[in-house]
Amino acid sequence: MEYQPNILASTLASKKTFSFALLFPEPISPEAYWNKPMIGVRKAFQEIQQYGVNIDIHLFKQSDSLTFNKEASQILRDNPDGVALAPFFSRESREFIFELKKRNIPYVFIDSNLKDSEKISYTGQDSFQSGMLAAKLLDYSIPENASILILHFAKQLDNMNHLVQREKGFYGYFQSGNQNGKRHLITLEIPDPNDQDSIDKIKTSILSNPEIKGIFVTNSQVYYLGRILESSGISGIRVIGHDLISENITFLKKGIVDFLICQRPEEQGYRAIISLFEYLILKKEVNNENYTSIDIITKENLDYYK
């Protein structure tokens, strides 16, 4: 008869509540990237709160893995029904999900994926393919045999899975043999982009290597590079970064940044919460991997991008 039970009526009758824990990076500014997934989280919560769902938000500092451990420990003490997390720090995330597994607490990933885990679902970009795309864009837009600088604004790069995967994808493109001439790739890791020594290091790398005609910034902080190029009067370099935040939009409009690769973070936040809801409350099967689009934004199509 294709009968469907009324889930809302059932949850109201049982008076059961469900607790979700959220473990996300703390935004570094009011306009920073990690504010955007929270928009999707709030939208999802508005839709499902009537089913007795509560969401506890835990934020950790992007520059300090110890804060991740602290918030993860609190989540384990709270013993929620499900967890949505950004596995920002690979080692600490693996330790955390090991403990979640011991407690039979299901979890979903957002933004970054640990493929060999027992997650319920992942929502985010394919970081490897994103790196491949950035490499192809630069390869097509700079002179033959020009060099490329790969710039990481990050501490403990080897512990940041999504940045590592983007770099692997970038290198993978040129290792495939499809590039326009021979490319020399230079990688630079900058722990603190506000530090004067770091700023000088970037300037020196660019000025001492005039063959650099393309720069790939692996995260959303390409605006730091934009400030350096603008203040130094350096031009003639194609720049690719990530994410449509206000600081990056400024340099995209000025033509200092040529491309932004975007990944619909609001959709990621929404989908992560809905996946937990469908799995735990609706008892549905959910897709193990939900890849969001890899969008290329330029100043020409910026005003038309939703």
*Within region 142-176, work out how many residues are of a type in the set (A, V, I, L, M) and out of contact with any strand residue (DSSP E or B) (no Cβ under 7 Å at 6 or more places or on another chain).*
2
*So which pairs qualify, if the first residue must be in region 40-58 and in the same structural domain as Tyr270 (by TED's automatic domain parsing) and on the phi > 0 side of the Ramachandran plot, the second must be small (Gly, Ala, Ser) and not in a strand (DSSP E or B), the Cβ gap must be under 9 Å, and the two must be at least 6 apart or on different chains?*
Gly52/Ser14
_Conditions first: (1) crowded, with 21+ Cβ neighbours inside 10 Å; (2) part of a helix (DSSP H, G or I); (3) within 16 Å of the chain's Cα centre (by Cα). Val164 passes all but one, so which condition is the exception?_
(1)
*Out of Lys182, Lys213, Lys203, report the one residue that is at pLDDT 95 or above and over 23 Å from the mean Cα position of the chain (by Cα).*
Lys213
*Scan region 215-246 residue by residue and report those that are assigned to a loop (DSSP other than H, G, I, E, B) and over 23 Å from Arg264 (Cα atoms).*
Gly233, Ile234, Ser235, Gly236, Ile237
*Answer yes or no: is there a residue in region 101-115 that is among the acidic types (Asp, Glu), in the same structural domain as Lys283 (by TED's automatic domain parsing) and in contact with a strand residue (DSSP E or B) (Cβ under 6 Å, 6 or more places away or on another chain).*
yes
*Kindly indicate whether any position in region 121-128 is within 28 Å of Ser205 (Cα to Cα), crowded, with 21+ Cβ neighbours inside 10 Å and either hydroxyl-bearing (Ser, Thr, Tyr) or in contact with a strand residue (DSSP E or B) (Cβ under 8 Å, 6 or more places away or on another chain) (or both).*
yes
*Collect the residues in region 76-119 that are surrounded by fewer than 22 Cβ atoms within 10 Å (Cβ to Cβ) and of a type in the set (A, V, I, L, M), keeping them in residue-number order.*
Leu76, Ile97, Ile105, Leu114
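The values are calculated or read from the model by the stated rules, or taken from the named source; none is laboratory data. Just so you know, these numbers come straight off a predicted model, no measurement behind them. Using ideal geometry, Cβ is built from the backbone for each residue, glycine included, and neighbour counts are taken over all protein chains shown.
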